[in-house]
Amino acid sequence: MGKYAVTGAASGIGAAIVNKLKAQGHEIITIDLRNADINVDLSSSEGRQAAIDGILKAAPEGLDGFVPCAGVGPQTNPISLVTKINYFGTVALVEALKDNLAKKKGAIVLISSNSATMMPYDPAYLQALADNDEAGAVALVEKLDGQTAYGGSKFAVACWMRKNNQAYAAAGIRVNAIAPGYTETALTKAGMQDPVYGPSIKAFVDSIPIGRPGLPEDQANATAFLLSQEASFISGVVLFVDGGHDAFFRPNNF
């Protein structure tokens, strides 16, 4: 069986991914703010480096897979945490672990969102993310609303994955992403209760074509498949796990 590392592992989708992989017999290195093997804050460069150091120490022989699942939602305050954790925390760890993953020709599954394709996002913000300009992106995001910050960060994660896919594939590493739709977690329940975002989130959930909200296990099942050898010819793909929402909103785009 393999050895995997998962960030955001203590709750929600991350915890479901950990449980799924453990049920398959894999060994998991968990990373989160607390209640994990490696307790760090991925919004800071120091926390990211501590996570990298801890993972490399725990898996010197190489990882079979990595899932940077840590993320925060559009209602997060301060809003800069959305940018710091969702995008820069993800990319920094993936880049730092590339050589380690190459040892075993491992797989990576990033966490995007079906929000990534739902609206055009601030071009200056997206450019700062693409340029790896964290200070610039943080300055810009302070002027944006939560959904623009969140959706833009998830759009940028998917773009980073597709732009870098060839280089990672050349190193023997498959990189894909899932794009969850509304999924019942503590994070999304907080959003549902938010006085600003709650009503629109409820309407969004009611419009899911398949007729129910997603569960963390739905996202874990898709992630485990993309990590597995059954997906050995799948690379550079964004898999929408959203009950049909993306097809509903964008029937002529794929």
Quiz item: What do you reckon, is Ala156 in contact (Cβ under 8 Å) with a residue 60 or more places away in the chain and under 21 Å from Ile13 (Cα atoms)?
Solution: yes
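Just to be sure, is Ile173 surrounded by fewer than 16 Cβ atoms within 10 Å (Cβ to Cβ), modelled with pLDDT of 90 or more and of a type in the set (A, V, I, L, M, F, W, C)? Break it down stepwise before answering.
Numbers: surrounded by fewer than 16 Cβ atoms within 10 Å (Cβ to Cβ): no; modelled with pLDDT of 90 or more: yes; of a type in the set (A, V, I, L, M, F, W, C): yes.
For Ile173, the condition - surrounded by fewer than 16 Cβ atoms within 10 Å (Cβ to Cβ), modelled with pLDDT of 90 or more and of a type in the set (A, V, I, L, M, F, W, C) - is not met.
Table: residues versus (1) part of a helix (DSSP H, G or I); (2) of a type in the set (A, V, I, L, M, F, W, C); (3) over 28 Å from Ser232 (Cβ atoms).
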{"position": "Gly47", "(1), (2), (3)": "yes, no, yes"}
{"position": "Gly54", "(1), (2), (3)": "yes, no, yes"}
{"position": "Pro60", "(1), (2), (3)": "no, no, no"}
{"position": "Phe66", "(1), (2), (3)": "no, yes, no"}
{"position": "Ala70", "(1), (2), (3)": "no, yes, no"}
{"position": "Gln75", "(1), (2), (3)": "no, no, yes"}
{"position": "Val82", "(1), (2), (3)": "yes, yes, yes"}
{"position": "Ile85", "(1), (2), (3)": "yes, yes, yes"}
Practice problem: Six or more apart or on different chains, Cβ under 6 Å: which pairs go from a residue in region 208-233 that's within 23 Å of Lys105 (Cβ to Cβ) to one that's aromatic (Phe, Trp, Tyr)? Could you list them? | Solution: Ala231/Phe225
Quiz item: Looking only at region 199-254, which residues are farther than 22 Å from Cys159 by Cα, in contact with a Gly (Cβ under 6 Å, 6 or more places away or on another chain) and not in a helix (DSSP H, G or I)?
Solution: Ile208, Pro209, Ile210, Gly214, Gly243
Self-check item: Matching residues in region 167-213 - criterion: being in contact with a Pro (Cβ under 6 Å, 6 or more places away or on another chain) and not β-branched (Val, Ile, Thr)
Solution: Tyr182, Glu184
Quiz item: Restricting attention to region 118-139, which residues are assigned to a helix (DSSP H, G or I) and crowded, with 22+ Cβ neighbours inside 10 Å?
Solution: Tyr125, Ala128, Leu129, Ala137
Quiz item: What single numbered condition from (1) more than 25 Å from Pro120 (Cβ to Cβ); (2) part of a helix (DSSP H, G or I); (3) in contact (Cβ under 8 Å) with a residue 40 or more places away in the chain; (4) not hydroxyl-bearing (Ser, Thr, Tyr) fails to hold for Ala167?
Solution: (3)
Quiz item: Which of the residues that make up region 12-49 are within 25 Å of Val138 (Cβ to Cβ) and out of contact with any strand residue (DSSP E or B) (no Cβ under 7 Å at 6 or more places or on another chain)?
Solution: Gly12, Arg34, Asp41, Ser43, Ser44, Ser45, Glu46, Gly47, Arg48, Gln49
Quiz item: Hey, any hits in region 236-245 for a residue that's out of contact with any strand residue (DSSP E or B) (no Cβ under 7 Å at 6 or more places or on another chain) and either surrounded by 18 or more Cβ atoms within 10 Å (Cβ to Cβ) or within 18 Å of Ala16 (Cβ to Cβ) (or both)?
Solution: yes
Quiz item: Looking at (1) within 18 Å of the chain's Cα centre (by Cα); (2) farther than 16 Å from Ala92 by Cβ, which is the one condition that is false for Asp37?
Solution: (1)
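The values are calculated or read from the model by the stated rules, or taken from the named source; none is laboratory data. Being a predicted model, the structure only gives us computed values, none of them experimental. Neighbour counts run over all protein chains shown; Cβ positions are idealised from the backbone, glycine included.
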